[in-house]
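To start, the structure under review is shown below, and the notes come after it.
We did not get these values from a lab; they are worked out from the coordinates using the rules stated. Predicted, not measured: the structure shown is a model, and the values here were computed from it. For neighbour counting, all protein chains shown are included, and Cβ atoms are generated from backbone atoms with ideal geometry for every residue, glycine included.
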């Protein structure tokens, strides 16, 4: 009887435990990413935050930082940093000001601050101020200098507009970190290069790519930005060839693959490349970012360009999103980039739709009704069809993307 | 060995109230005595002991320990104490604890082992040396408490309710150990309200109530002062009390003995002459009640005055 | 006498369930700290190191407060000190011995926590270097100061209130480190009052070197000596106050 009672009690405990654990697990299994609009609403001023940390500044700053990732995801859609927190400074600016005050030696805070305020929201001045603060805290950190240089060059065009100041900045960097001389030299060599703004934006995102994890929200975001830049660069590369074809043949190119019939595949670093004419680009490295070429050359030529070499012949690959390049009225279009732009516009339209529904107290029943109520809904590009599914505008594409470029 | 002379002590009660625990308390414990300190709960026994041990400070009057004024901590080297509630650290083993307290009593490294062996043998703690005290019953803790009190062979052993929680076998063993301590030359000072223990073990006593020592002296004198009882048959004398079996009895004290025996009527015969046995408990109760009845309890109560 | 009491106190402490359970919970918490490192998008190792060292401090202070506040009160309430103080020793011997024993126990606990933490960091691939050991040392001093605070406050109050008071002093002790930056908007008189009050509380920020050690920020020997001396001074003051109160205490 005693044994039976013991066994029954054990079973009861096991059953109750299983139920409780199952219950808890179900919360994880069925969980979806939740956007918390108020997650950084509560942010005391940095000095007060420091006072409240009870000597655990680093730990609490990092826990707060991790907690703010949800806000980052929220901003991917909204890109309106004043929605949350409001005030003069945006949510990110206040967040990272606090975090950096608490833990001024943690590099990722500066990088994420620049990524979010500059890369995501386009507040380059704020991004640059965070990087400069990072340099003052950690003058021997190459990463801080590199990021600041990227912003100065990409966003403020110092190499073109203030070459002396830019050179002075690089010299200061070299003085603080002599070991970075080689790297700084590359920067100096790149001054005045063609496609500098794209290539420098790209180099900025490449830096960010190395600092994020594949599959993480930040990693996905950076990959998206990088694909955008590669797509823009691919368009420019192909556009140069389109223009060159028109000049050479007196007529627009009928197909993209006809563009490089006149070119030889050459070693971009050979000093004796073949020439076709002075007016036209003669070497692929003239139209591609040389630093990327150098990086990728060991594996395959132009790994991050639209043209690749296969079996000794030049071929056109997909755009960075796994979708085709298109030639529309003599202009090169990246289908993937086009769709990205449309999705961004649709995001804004959805926000407007939400506001409209809130003010009316009901959702429009159809697209036509939404438009009749004054909602500006952009038309989808080729291959897309738009619908109002419940409470959101959604686009579906006829062509599904293939394998996107591998960036890592 | 111990002398309290006109000792008064007050402590702080609730808020500003001051409670007078001892009032002009005077008693003396002779060297080599076994002294029973009797009193009801709250009478002032523990206060006296705590003052003696230096746990309470700020008394008035003169207290002497081993003939010297209190205050010299080295006097305590000659003193052993068994507390009323023997609680000890939970996580020390018996052996470790004994060594710890023995070293505090000033026993040198060389003598530690022998001292521990001696008390462990006396109190049957040998098998328990490695056991932690948290697993001990009340009686076992009491054994340990006596062991730690006698480990340094003190000249004065202060025992506060030493038999509480003990079964009859261990009460007997405790009494044997105390006999041994006395034979060694130690003075025993019992604080108790169990009067039979005092009858068994003590040769001196004091009764304290409301901080006032009502009576003190030799226990033998007290017991010797009991009246004689004569039981006889035949013709009863005046004031005789008739008993159920046809005999009679009369009571008289030692001083009247000769005259009362001489004045027995003719025709009477003595069956037996014996001394009346005083029950100490009855005596204690009657003394305290008499003290109260005399209004002294009012005086005692008035000691608890508000400042 | 002092060493005899200290040894027994230390043994009693390190064998107590509270102490052992808190170290066990610390080990579990350290094991789980990697989860936070995983959640972090980058620099998971640094995040884990921060969490481990914060845990060492928090658990150390918890042990110090939990044991420090109960230490003297349980002696008094359970009357275990009667058999000790009835022996030939002064009361200050008892207090100093108790504190030293408590400190020895806490140092053992802190050393165990540091070893567990560093081993865990090494196993998970995080950087382990000498500055972290130094951070652990200063955290230990912080814990010893808190033990002295607990011991002192328990002389003035009940264990529960003393624990609350100790934790408040822990919070204020870290707050006063930042306070000079916050009081500039106050008037001169107010600044003086706040400064005087804050000066009566140990500045525990002196011992939070863990926040810098993670980044290998060097701590100069002179700076270390100053911080150790500061901790030592506070401990001496608090233990002396405890002795002064305990000497007059009716037991």
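What order do you get for A:173, C:38 when you list them from fewest to most C-beta neighbours inside 10 Å?
Details: A:173 23, C:38 11.
By the 10 Å Cβ count, ascending, the order reads C:38, A:173.
When B:48, C:10 are ordered from fewest to most other Cβ atoms inside 10 Å of their Cβ, what list results? Mind dumping the intermediate values first?
Values: B:48 30, C:10 21.
Ordered by Cβ neighbours within 10 Å, fewest first: C:10, B:48.
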Below 8 Å, C-alpha to C-alpha, sequence gap of six or more: please give me the relative contact order for the stretch C:167-228 in percent.
42 percent
Find the centroid of the Cα atoms in the stretch C:118-140 and in the stretch B:144-175, then give the distance between the two in whole Å.
53 Å
Column: log10 I(q)/I(0), Debye, Cα scatterers of the stretch C:1-97, q = 0.21 Å⁻¹:
-1.02
Within the protein assembly as shown, percent of DSSP bridges classed antiparallel, to nearest 5
70 percent
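Can you give the convex hull volume of the alpha carbon atoms of the stretch B:227-275 per residue, in Å³?
Details: hull volume 3.2 nm³, N = 49.
Here the figure is 66 Å³ per residue.
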Taking each residue of B:82-95 in turn, how many C-beta atoms of other protein chains fall within 10 Å of its C-beta, and what is the average?
5
Taking Cα centroids, how far is the stretch A:335-382 from the stretch C:160-187 in Å?
53 Å
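In whole percent, what relative contact order does chain B give with Cα contacts below 8 Å and a gap of six or more residues?
So the answer I get is 22 percent.
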Size descriptor, Kirkwood hydrodynamic radius, that averages inverse alpha-carbon separations across the stretch C:15-60, Å:
11.0 Å
Considering the Cα positions of the protein assembly as shown, please state its Rg to one decimal place and its Dmax as a whole number of Å.
45.6, 174
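How do the peptides A:156-164, C:232-240 rank, highest first, by the average count of neighbouring beta carbon atoms within 10 Å per residue? Don't skip to the end; give the middle numbers.
On the way: A:156-164: 14.6, C:232-240: 16.8.
So the peptides A:156-164, C:232-240, ranked by packing, come out C:232-240, A:156-164.
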On C-alpha positions alone, give me the angle between the axis of helix B:109-122 and the longest principal axis of chain B, in degrees, nearest 10.
40 degrees
Relative contact order for the stretch B:227-275, counting Cα pairs under 8 Å that sit 6 or more residues apart, in percent:
55 percent
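As a test of the definition: which semi-axes, in Å, follow for the stretch C:61-133 when you take the square root of five times each eigenvalue of its alpha carbon gyration tensor? Largest first, please.
Whole-Å semi-axes of the equivalent ellipsoid: 37, 12, 8.
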Mind pulling the angle between the C-alpha long axis of helix C:44-77 and the longest principal axis of chain C? Nearest 10 degrees, somewhere in 0 to 90.
10 degrees
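Please average, across the residues of C:172-185, the number of beta carbons from any other chain that are within 10 Å of each residue's own beta carbon, and give a whole number. Provide the component values of the computation, followed by the final result.
Numbers: counts 2, 2, 8, 7, 1, 5, 9, 2, 0, 5, 5, 0, 0, 0.
The per-residue average across the peptide is 3.
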From other protein chains only, count the Cβ atoms within 10 Å of every residue's Cβ in C:9-21, then give the mean.
3
Alpha-carbon centroids, the stretch B:1-34 and the stretch B:189-218: separation in whole Å
15 Å
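Cα convex hull of chain B: mean projected area in nm², to one decimal? Don't jump to the answer; show the numbers that get you there.
Working: hull surface 83.2 nm².
If I average the Cα hull's projected area over directions, I get 20.8 nm².
Mind ranking A:338-346, A:15-23 by how tightly packed they are, going by the mean number of other C-beta atoms within 10 angstrom, highest first?
Working: A:338-346: 17.2, A:15-23: 9.9.
Averaged packing, sorted descending, gives the order A:338-346, A:15-23.
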Arrange the peptides C:130-141, A:354-365 so that the one whose residues have, on average, the most other Cβ atoms within 10 Å appears first.
C:130-141, A:354-365
With N denoting the number of residues in the stretch A:334-397, provide Rg(C-alpha) divided by 2.2 N^0.38 Å, to two decimal places.
1.11
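What ranking of C:103, B:3 emerges when the number of other C-beta atoms within 10 Å of each C-beta is taken as an exposure proxy, fewest first? Don't skip to the answer; put the middle values down first.
On the way: C:103 24, B:3 15.
If I rank by nearby Cβ atoms, fewest first, I get B:3, C:103.
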Share (percent) of C-alpha pair distances in chain C greater than 32 Å works out to 27 percent
